[in-house]
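S.K.: First the structure, then my questions, so here it is.
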Amino acid sequence: MNPLSSAPVLISVLLLICSNVFMTFAWYAHLKALNHKPWIVAALVSWGIALFEYLLHVPANRIGYTVLNVGQLKILQEVITLSVFIPFAFFYLKEPLKLDYLWAGLCLVGAVYFVFRSA
């Protein structure tokens, strides 16, 4: 069975994308939205956001683990993280796009190749 064509992988990827949106906001949105507040306020708000991330991330990993190994899940997570983070940094935080993001992405392409090549 090809794990890349199975429903559990698709469900896992969709849940991981959604969870990463929440986690990216939990980790970084406070830099813009709460930068004038004490760090403890930002931490508590981030914790509240992160709860929703965990409610999506844990089922995503459990579903994905039915057809993928833990290494594949981790690399998949990293690719999704970078795919969510770059638009967030550019559009929300107004950070400039850097070639370093491209190089990091290419490194992840290599990681995907090596972790999925025996699948």
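The values are calculated or read from the model by the stated rules, or taken from the named source; none is laboratory data. Please read all numbers here as calculations on a predicted model, not as lab measurements. Here the Cβ is made from the backbone with ideal geometry for all residues, glycine too, and neighbour counts use every protein chain on show.
S.K.: Could you tell me whether SER5 is within 27 Å of SER118 (Cα to Cα), among the small types (Gly, Ala, Ser) and either touching a Pro at 6+ places or on another chain (Cβ under 6 Å) or at pLDDT 95 or above (or both)? I'd like the intermediate steps shown before the answer.
M.R.: Details: within 27 Å of SER118 (Cα to Cα): yes; among the small types (Gly, Ala, Ser): yes; either touching a Pro at 6+ places or on another chain (Cβ under 6 Å) or at pLDDT 95 or above (or both): no.
Taking the combined requirement at face value, the residue does not satisfy it.
S.K.: Look at LEU14 and say whether it is out of contact with any helix residue (DSSP H, G or I) (no Cβ under 7 Å at 6 or more places or on another chain) and outside any loop (DSSP other than H, G, I, E, B). Working first, answer last.
M.R.: Details: out of contact with any helix residue (DSSP H, G or I) (no Cβ under 7 Å at 6 or more places or on another chain): yes; outside any loop (DSSP other than H, G, I, E, B): yes.
Judged against the criteria, LEU14 is a match.
S.K.: Here are some residues: VAL58, VAL79. Which one is among the hydrophobic types (A, V, I, L, M, F, W, C), exposed (fewer than 15 other Cβ atoms within 10 Å of the Cβ) and closer than 19 Å to THR24 by Cα?
M.R.: Details: VAL79 fails: exposed (fewer than 15 other Cβ atoms within 10 Å of the Cβ).
Every option except VAL58 fails the conditions.
S.K.: Return the residues of the stretch 17-37 that are basic (Lys, Arg) and in a helix (DSSP H, G or I); say none if nothing qualifies.
M.R.: If the condition is that a residue be basic (Lys, Arg) and in a helix (DSSP H, G or I), then LYS32 is the only one that fits.
S.K.: Being more than 12 Å from LEU15 (Cβ to Cβ), surrounded by 15 or more Cβ atoms within 10 Å (Cβ to Cβ) and under 16 Å from the mean Cα position of the chain (by Cα) is the filter here, so list the residues in the stretch 66-76 that pass it.
M.R.: Selection gives GLN72, ILE75.
S.K.: Still on this model: Looking for something over 14 Å from the mean Cα position of the chain (by Cα), of a type in the set (D, E, K, R) and part of a helix (DSSP H, G or I) - is there at least one such residue anywhere in the stretch 51-65?
M.R.: yes
S.K.: Can you tell me which residues in the stretch 95-119 are in contact (Cβ under 8 Å) with a residue 12 or more places away in the chain and not hydrophobic (A, V, I, L, M, F, W, C)?
M.R.: Those that are in contact (Cβ under 8 Å) with a residue 12 or more places away in the chain and not hydrophobic (A, V, I, L, M, F, W, C): TYR101, GLY105.
S.K.: Now, a different point. From ASN35, ASN69, which residue is out of contact with any Leu (no Cβ under 8 Å at 6 or more places or on another chain), among the polar types (S, T, N, Q) and farther than 27 Å from GLY110 by Cβ? Break it down stepwise before answering.
M.R.: Working: ASN69 fails: farther than 27 Å from GLY110 by Cβ.
Going through ASN35, ASN69 in turn, just one is out of contact with any Leu (no Cβ under 8 Å at 6 or more places or on another chain), among the polar types (S, T, N, Q) and farther than 27 Å from GLY110 by Cβ: ASN35.
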